[in-house]
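Quick notes on the structure that follows.
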Amino acid sequence: MCGIVGYIGKRNAVDVMLQGLSKLEYRGYDSSGIAIVAGGDVLVNKAEGKLVNLQNKIDGMGLESRIGIGHTRWATHGRPSDYNAHPHTSQNGKFAVVHNGIVENYLRLKETYLADEVFTSETDTEVVAHLLEKFYNGSFEETVIKVLDVLEGAYALVMICADEPDKIIACRKDSPMVLGVGDGESFIASDVPALLAYTRECMYIEQGELCVLTQDGITIKNHNLEVIEKEVHTIEWDAEAAEKDGYEHFMLKEIFEQPTVFKKTIAGRIHNNQVQFDFDLSEAQVNSWNKIYIVACGTAYHAGLVGKTIIEKLARIPVEVEIASEFRYREPMMDEHTLVIVISQSGETADTVAALREARNNGCKVLAITNVVGSAIARESDYVVYIWAGPEISVASTKAYTTMLIAEYLLGVYLAQQKGMDNAELRADILNSLQALPEVAEKMLSEEYLARIQSAADSYKDANDIFFIGRGLDWAIALEGSLKLKEISYIHAEAYAAGELKHGTLALVTDETPVIAICVQESTYDKIASNIKEVKAREANVLAIINDGDEETHKFVDETIAIPRIHNFVAPVLAVIPLQLISYYTAKVRGCEIDQPRNLAKSVTVE
Ligand code: F6R
């Protein structure tokens, strides 16, 4: 949600901000803006729509400054527009603020402190700029602390002041922010890709800390303005990893990266048919858990549904999978005998972070499956399994989903092994199959394969509704396939446990409702075959995702797409790939904005 970039140093801040914001557009893209200090004044430029509109607007203006803050917005309070775009300024124009998050008490703050002031936007953020002016006592730092004392909600705030043009001040609560350490320059951003062109040295900011960025370096202070020492981390991602690399869209690039990132997820974790992580769980510890909750949102939640089957089958611990935004509002039963697994690509999803905290407050241990080192979820969990998928820029998650599944297989095997379960042979089979996955997936993504999928996608161009059906693990994959299609092609799609169709939804199936049936799980093959016949009897056109060598299914469906044969339990990792590609090509043929679908953002840091 919203991307922030701030810069102070020897370069032109305008260039650094535009470059950085272009790497953060996936976080929000309904408007953007920058503020610099020039000639003793704060100058602000903003534009509705994509960042290119801002670029066009300021092109030729000759804007130049050594200090600036910029923002790309995903609207929460106030519709997308020039006037609601950030940065927002104080009434006297001396303070400018960019913000990611929500100031929950902004209406009360307006009434209490700013009743006579004129506001130029509908945003919660403008209140912060006005409060800075109101509380200013000649010390920018002290004033920010005073403002923070009255704010409620979530925020990453980055601020400048015309009267103190040698510093940027930033702070965060429940919204992500990373600092970039340079030589004679300092950076701040919502996410690492904005920094990579300039520095790999970064620092993470904890809740409530105040960061003062100057040309000479970054100082972190606590609430009493005492200096805190911080470790500098080196980012391993290179800048190219966050570029399109010749692909038309990030989504396609990320689908194609899967074989490579599968290797990274597995690397160093399998030794002699045993799984190792960076942490050790004793037999007693694992046996102390009589229940596991998996809590996540969206695609990560779908990964959790596969995780339930994996862990229950391998480690025989009951697992409940919960949508994070629902979890904490229903008083879940958990205590020190419950392990809570949170899954999140970004590691910053507000609802998942909140669920994690709720779990810890109830005495649970929390294990995170995440992609982002240093994210809130990674920092606040007891144990972390990184998926090592590298930067995922496309809003529609692909490689993060499949690597979450791989992490879950590894975790399932690990829990079973630490418990001393009597299923060493099954575990070894699964580990061997995981190790084979990169090569198998690589071979699968041939030109010919893509052409078949593209032609299937062409036939969905004018569809209004598409059904995805499956059973067991195939149903979990169907759910992910349908979400992917909805979010990027804007075609309504529903995923159904195929046996459930006849209890109501079958009424919707006609010759105008294409059905995509996942027929990969052998244990339920006969069942899904019958369910397919039910929809065929209603004249639906059926595309089936099958295992290579399946000679049966093509006899009663319209089209098949095969996945390579692999241990059936691990097959979901491959079975979802054609579904990702169907969504991609359907969205493409419909002319949709694939990497930045309407109304969505990559990192959802508001509840
Ligand atoms: C869909 C998608 C979202 C995310 C969800 C959770 O393609 O990407 O549904 O999965 O917003 O995000 P993370 O995994 O960052 O917690």
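The values are calculated or read from the model by the stated rules, or taken from the named source; none is laboratory data. Every value quoted in this text rests on a predicted model; they were computed, and no experiment measured them. We place every Cβ from the backbone using ideal geometry, glycine too, and count neighbours over all the protein chains shown. SASA here: full protein model, heavy atoms, side chains in, ligands and nucleic acids out. Shrake-Rupley method; radii C 1.70, N 1.55, O 1.52, S 1.80 Å.
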Quiz item: What is the range 86-156 by shape, rounded, prolate or oblate, if you read a ≥ b ≥ c off the alpha carbon gyration tensor as root eigenvalues and call it rounded for a/c under 1.5, prolate for a/b larger than b/c, and oblate otherwise?
Solution: rounded
Quiz item: Separation of the range 517-594 and the range 282-311 by C-alpha centroid, Å?
Solution: 27
Quiz item: If you project the alpha carbons of the range 447-559 onto their three principal axes, what span does each projection cover, largest first, in Å?
Solution: 36, 31, 24
Quiz item: Rounded if a/c is under 1.5, else prolate if a/b beats b/c, else oblate: with a ≥ b ≥ c from the C-alpha gyration tensor eigenvalues square-rooted, which is the range 414-511?
Solution: oblate
Self-check item: Over the range 1-134 - Rg/Rh using Cα atoms and the Kirkwood inverse-distance radius
Solution: 0.96
Quiz item: Which part of the range 76-112 falls in the paramagnetic zone of residue 122, meaning amide N under 12 Å from the point 7 Å along Cα-to-beta-carbon?
Solution: 76-85
Quiz item: In percent, how large is the relative contact order of the range 156-281, given Cα pairs closer than 8 Å and 6 or more residues apart?
Solution: 18
Quiz item: If the cut-off is 15 Å between C-alpha atoms, which aspartates and glutamates fall inside it for residue 419, apart from same-chain ones fewer than 8 positions away?
Solution: 280, 283, 312
Quiz item: Normalised by the number of residues in the range 26-154, what is the relative contact order in percent for Cα pairs under 8 Å and 6+ residues apart?
Solution: 23
Exercise. Kindly identify the range 22-93 as rounded, prolate or oblate by the Cα gyration tensor criterion: order the square roots of the eigenvalues as a ≥ b ≥ c, call it rounded if a/c is under 1.5, otherwise compare a/b with b/c, prolate if a/b is larger, else oblate.
Key: oblate
Quiz prompt | Relative frequency of Cα-Cα separations exceeding 17 Å in the range 162-216, percent | solution = 36
Quiz item: So who's got an amide H within less than 5 Å of the one on residue 288, skipping anything under 5 residues away but keeping other chains? H placed 1.01 Å off N, in plane.
Solution: none
Quiz prompt | Charge context of residue 576, other residues only, Cβ under 14 angstrom, K/R +1, D/E -1 | solution = -2
Quiz item: Nearest-5 percent of antiparallel DSSP beta bridges in the range 268-374?
Solution: 10
Quiz item: Beyond 33 Å, what percent of the Cα pairs of the chain remain?
Solution: 47
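May I ask what percent, to the nearest 5, of DSSP beta bridges between residues of the chain are antiparallel?
The answer is about 60 percent antiparallel.
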Practice problem: Kindly provide the GluC sites (Glu not before Pro) of the range 325-389 that DSSP labels as loop, not H, G, I, E or B, and whose Cβ sees at most 14 other Cβ atoms within 10 Å. | Solution: 336
Quiz item: Cross-link partners among lysines for residue 502, C-alpha distance below 24 Å, same-chain residues fewer than 8 apart left out?
Solution: 486, 527, 533, 536, 555
Quiz item: Taking the range 1-99, which chymotrypsin sites (Phe, Trp or Tyr not before Pro) meet the DSSP loop condition and have no more than 11 other C-beta atoms within 10 Å?
Solution: none
Quiz item: For the chain, what does -39500 (n - 2.57) per DSSP helix run (n ≥ 4), summed and divided by total residues, give at 222 nm, in deg cm²/dmol to the nearest 500?
Solution: -10500 deg cm²/dmol
Self-check item: Accessible surface, the chain, averaged per residue in Å² (probe 1.4 Å)
Solution: 37
Quiz item: Gap in Å between the Cα centre of the range 436-459 and the Cα centre of the range 157-176?
Solution: 48
Quiz item: If you line up the long axis of helix 424-444 against the longest principal axis of the chain, both from Cα atoms, how many degrees apart are they, to the nearest 10?
Solution: 70
Quiz item: If one computes the Cα centroid of the range 351-390 and of the range 211-281, what distance in Å separates the two points?
Solution: 15
Exercise. Can you pull the one-decimal nm distance between simple spin-label points at residue 522 and residue 458, each 7 Å off the Cα toward Cβ?
Key: 3.6
Practice problem: Within the range 499-595, list the trypsin sites (Lys or Arg not before Pro) lying in a DSSP loop whose Cβ has at most 15 other Cβ atoms in a 10 Å radius. | Solution: 538, 565
Exercise. Under 18 Å from a label point 7 Å along Cα→Cβ of residue 278: give me every residue in the range 195-214 with its amide N that close.
Key: 201-206
Exercise. Would you mind working out the magnitude of the charge dipole of the range 398-476 relative to its Cα centre, with +1 at each Lys and Arg C-beta and -1 at each Asp and Glu C-beta, to the nearest 20 Debye?
Key: 220
Practice problem: Just the number, please: Stokes-Einstein D of the range 283-373 in µm²/s, Kirkwood Rh from C-alpha pairs, 20 °C, 1.002 mPa s. | Solution: 166
Quiz item: Beyond 24 Å, what percent of the Cα pairs of the range 113-235 remain?
Solution: 28
Quiz item: What Rg and what Dmax come out for the range 546-607 when only alpha-carbon atoms are used, in angstroms?
Solution: 16.4, 49
Quiz item: So in the range 467-607, what percent of DSSP beta bridges are antiparallel if you round to the nearest 5?
Solution: 0
Exercise. Sort 476-485, 299-308, 158-167 for me by packing, meaning the mean count of neighbouring Cβ atoms within 10 Å per residue, highest on top.
Key: 476-485, 299-308, 158-167
Self-check item: Paired Rg and Dmax values of the range 381-465, which use every Cα atom, in angstrom
Solution: 17.8, 53
Quiz item: Where does the charge balance sit around residue 30 when Lys and Arg score +1, Asp and Glu -1, over other residues with C-beta under 10 Å from its C-beta?
Solution: +3
Practice problem: Would you mind calculating the relative contact order of the chain from Cα pairs under 8 angstrom and at least 6 residues apart, reporting the percent as a whole number? | Solution: 12
